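Notes follow once the structure below has been shown.
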Amino acid sequence: MTRQPTRSSDPAIRAISRTLMEAGDERVLQIVRMIDGMADRGLADEMIAPLRPRLARLRPPRPLTLDRLLFTIFDPIIVPVTRWRPGTATLPRTVLRSLAATTRAGLGSAARAIEETVKGHTVNDRDVALEAGGLLWPGAGEIIFAAPAPLEWETTGLNMSFYPPLARVVGALLTEAVTLETMLSGGRDPDPRAISALLERIGLRAPEALPVAMVLLVTRAPSLIASIAQMAAAKLVGSEVTLRPALDQAIETLTAQLEQADAVEERIHSVSLADVGSAVRRVSMLLQQLGDDSAPAPRRERIKAIRRQLDASCRSRFADGLTTDFIAPLRSNLGVAGDDPVERLEDAARGLRALETEARGVGGGETYDKLLRQAAEIVRQTPGADAMGRADKVRLVEILVGPEAALAMLEGVF
Amino acid sequence: MVANEIFTQARHPTYVADINLPLTQSYHPSSFVERGVAIPVTTPALLGARMRPAQRTGTEFIIPNPSGGRGVYILDWGGVRQLCRPTVHDTLLHQRVGRLPNMTPSGVRQIAREIAGEGLAGRDARRAADAAAQADAKRVLLANFLLLMTLVEQVEPTGMVVQEAMKRTPELELRARQAIRQIAPRVSAHPTAIAADLEVLASLFAHGGLDPWGQSPRLIRLVARMRDFRDRLIRDAQQTPDEARGGLAASLVTSIATFIRCAEILIAKAHGRLADVVGLLGAWHATPADIQTTIARPDWLLDGWEQICLLAEDPASVHDSHAVIEEVAQLVPLLPREAMEWLGGGLTPDALEPSQRAMEQAMPRRHGGASFGLVARNEKLRAMGV
């Protein structure tokens, strides 16, 4: 996947950013740790901007800060300011710092208490994030919803007229962030009645926030499009507003997001092998929902084109993962100390199979079958050693190509 | 009404539509053997499966309806393979359990541990199996010594407290030899045979998870874990009421309470035999099968609850009671009619009656790409429970 180093006009930043793009994973993680430790990140954020997809895959344990926690629910819709368009259900990255400053000023000493709660934790500590979010989000939502435009708004690169609608959207959604996050973190689709109640509250407070709410919901639980569509015709209590226009806008935003150059590839390549199967499933389900029989013909055509991109991305991700995360370690790293190398290989093989299983629903399966058979053959031919015994090899073959081949291997047919 | 069976509504007809197998709608075993022995599988679609001897096919599986709906599948191995692709671990488990002369929870546990020890449930399970085998060997030795000391104290009371921390001393060994010689005529056996019988009995108590001298024999610990799970369900229901799953949680709580009550009775009966070790030895000589049965009954009763507790204790789901409830709902063992006979007046007929049904939403996770992660999860459970 090719990316521009940065869109910065500063040649020095462009040069550093280019160097970073070429750096190895370990070096990148080291630099990110250093930047995370800076009191004032300033231009450093700009330098690492092109690395975001890679950071998503590497998942460095980034410190959980008040600013990061504040906007965590908006992650799926945050875009570079250059890609932001008014009226789309997205949030330009440049406004985050300004809105965070407004929140800090409004919270006063309460901000310090929240900072104490998250101190020493990382973004991967979901329970802490949810607990601290409970302290932060509702109050922050009210502050941002009501606050006048901050003085430093000009640093966002946006016209002042964009502030009020953006603040209302962010404020209204932060007020409901605890509900939203709790609903979506249970690993199952939320109850449609709860979704209806949530959208009703948001719609009555700030109708312009509805498309964003829907995008946030559907990105994490694609099947909700159908539930929301069922309630789209009904009017909100005491209002003439229905959910239909917001749903149409959300669907357009979701479709346009996926049509962006590299967008699908980024979603598939920026997650770890362990999570890529789920990522494919989510995108695939989203496409299914966006392009179902009730969709207008032009949109169905757009979705077909995105599916082709998804198929290509799955194949390239599979080939990359097989080479990098499985075959290379199998051939070279079995003797390395640290985590059990065989368990790492098993995890990689499971990730590959999960990806392949979900990807079959998008395109054909012959390429995957062939590559998996080749990988199993390499496992069979790997010399037995202390680091990997016969049972380990049988298990790897089982994960890669199934129990029948593994049993045959166990019974000495191979 | 006391809950005995948890039912679930079919929520995913698209998944079950392609399973062309007969479903037994109304299933209530009359005996524990008919209920089958819980099989610690790693194949997601087989979670909750039980196995029992079958005349025609040798063995058969009883598998909760994978749709989450009422009833069970009763399948031979060919049927199981139509239903899913069993892992190598489960294929070997089926083969070896099928060769057992008597299919018992203890026998299945031993075979499952052997297979885990061969590394076929992953490296964690292999390490856990090795450690468990060593711990068991020590436990049997200790149980043998403490059973002997119990006998000594019953034959010649000195106020000695028989406990795990006791040390072997020449004096104690001398007293043991004297006690065995003294009781030999009463049990009509040679002292050497009595020593051998004590070894076997100690082994039965230890392997049955019932040796009463240790800090935490397996079954006593299991009952405590069931109690913890029950308390957690009650606490969670109070803290975060869930309309959709409330009835199911209540039903689970009732089931756990019923099984705990039954287990306490059967464990007390088994331990009661140790109040008179001389009598126990005499009975062992006369009708060893009766003694074996008494000691094994708590194991049969609680068979299947280990898996439920493991799922409840799995760190990945420990914060989500609702998900645990849905997953374990199908695994709650039935209480066969034979339990009435075993427990005498300790159980009323309504305890055997089926209870409510509930929805099942966790089912799709067993299929598609997520199934690979679930096999790994099930293997981790094997490592925790081997």
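For A:THR122, the residues whose amide H sits under 5 Å from its own are A:LEU64, ignoring neighbours fewer than 5 places away on the same chain, with H placed 1.01 Å from N. For chain B, averaging the sequence separation of C-alpha pairs within contact (under 8 Å, six or more residues apart) and dividing by the residue count gives a relative contact order of 30 percent. Each other residue within a Cβ distance under 15 Å of A:MET160 adds +1 if Lys or Arg and -1 if Asp or Glu, for a net charge of -1. Kirkwood radius and radius of gyration were both taken over the C-alpha atoms of the range A:326-410, and their ratio Rg/Rh is 0.98.
Under the combined filter of DSSP loop state and at most 16 neighbouring Cβ atoms within 10 Å, the range B:128-218 retains these GluC sites (Glu not before Pro): B:GLU164.
Calculated on C-alpha atoms, the gyration radius of the range A:200-317 divided by its Kirkwood radius gives an Rg/Rh of 1.02. The mean count of C-beta atoms from other chains within 10 Å of the C-beta of residues in B:369-380, rounded to a whole number, is 5. Specify the angular offset, from 0 to 90 degrees and rounded to the nearest 10, of the alpha carbon long axis of helix B:243-272 from the longest principal axis of the alpha carbons in chain B. It is inclined by approximately 20 degrees.
Scan the range A:73-170 for trypsin sites (Lys or Arg not before Pro) in coil per DSSP, keeping those whose Cβ has at most 16 other Cβ atoms within 10 Å, and list them by number.
Within the range A:73-170, the qualifying trypsin sites (Lys or Arg not before Pro) (loop, at most 16 other Cβ atoms within 10 Å) are A:LYS119.
Mind pulling the angle between the C-alpha long axis of helix A:192-205 and the longest principal axis of chain A? Nearest 10 degrees, somewhere in 0 to 90. Rounded to the nearest ten degrees, it is 40. Rounded to the nearest whole angstrom, the semi-axes of the ellipsoid equivalent to chain A, taken from the Cα gyration tensor as √(5λ), stand at 40, 27, 20, largest first. In summary, the convex hull built on the alpha carbon positions of the range B:240-315 has an orientation-averaged projected area of 6.9 nm². Using a Gaussian network model of chain A whose springs link C-alpha atoms within less than 10 Å, name the residue from A:THR19, A:THR242, A:THR179 with the highest mean-square fluctuation. Fluctuation is largest for A:THR19. Shown is the FRET efficiency for A:GLU343 and A:MET34, computed with R0 = 35 Å from the Cβ-Cβ distance and rounded to the nearest 0.05: 0.70. Using 1/(1 + (r/R0)^6) with R0 = 45 angstrom and r between the beta carbons of B:ARG81 and B:ALA196, what's the FRET efficiency to the nearest 0.05? FRET efficiency, B:ARG81 to B:ALA196: 0.55.
Can you give the percent of C-alpha pairs in the range A:62-207 whose distance is more than 28 Å? Percent of Cα pairs beyond 28 Å in the range A:62-207: 17.
A Stokes-Einstein calculation at 4 °C with viscosity 1.567 mPa s, built on the Kirkwood radius of the range A:180-229 over Cα pairs, returns a diffusion coefficient of 119 µm²/s.
Positive-end ranking of B:THR254, B:ILE183, B:VAL375 along the dipole of chain B, with charges on Cβ about the Cα centre, is headed by B:VAL375. For chain A, a Gaussian network of Cα nodes joined below 10 Å ranks A:SER316, A:SER98, A:SER161 by mean-square fluctuation, and the top entry is A:SER161. For the range B:7-385, the percent of C-alpha pairs falling in each 10 Å distance bin, counted from 0 to the bin holding the largest distance, reads 5, 22, 30, 24, 12, 6, 1, 0. The modelled label-to-label distance for the pair A:GLU252/A:GLU301, using points 7 Å beyond Cα in the direction of Cβ, is 1.8 nm. Among B:GLU327, A:GLU411, the order by Cβ neighbours within 10 angstrom, fewest to most, reads A:GLU411, B:GLU327. Principal axis extents of the C-alpha atoms in the range A:225-279 (largest first, rounded to whole Å): 48, 23, 14. With springs connecting C-alpha atoms under 10 Å apart, model chain A as a Gaussian network and identify which of A:THR219, A:THR94, A:THR155 has the largest mean-square fluctuation. Looking only at A:THR219, A:THR94, A:THR155, the biggest GNM fluctuation is shown by A:THR155. The mean of 1/r over all distinct Cα pairs in the protein assembly as shown, once inverted, gives the Kirkwood hydrodynamic radius of 30.2 Å. Measure nothing but the geometry: give the 0 to 90° angle between the long axis through the Cα atoms of A:390-401 and the longest principal axis through the Cα atoms of chain A, rounded to 10°. Helix A:390-401 and the main axis of chain A meet at about 60 degrees.
Provide the gained length on full extension for the span A:ARG126 to A:THR324, in nm with one decimal, where the gain is 0.36 nm per separating residue minus the Cα-Cα distance. Kindly include the intermediate steps, with their values, before the conclusion.
Details: separation 198, 0.36 × 198 = 71.28 nm, distance 2.89 nm.
Length difference between fully extended and current span is 68.4 nm.
Close amide H pairs (under 5 Å, H built 1.01 Å from N) link A:LEU91 with A:ILE78, A:VAL79, residues at least 5 positions away or on another chain.
The numbers here are math on the coordinates, done by the rules we state, and not lab data. Quantities reported herein were computed from a predicted structural model and do not represent experimental measurements. Reconstructed Cβ throughout: ideal geometry from the backbone, glycine too, with neighbour counts over all protein chains shown.
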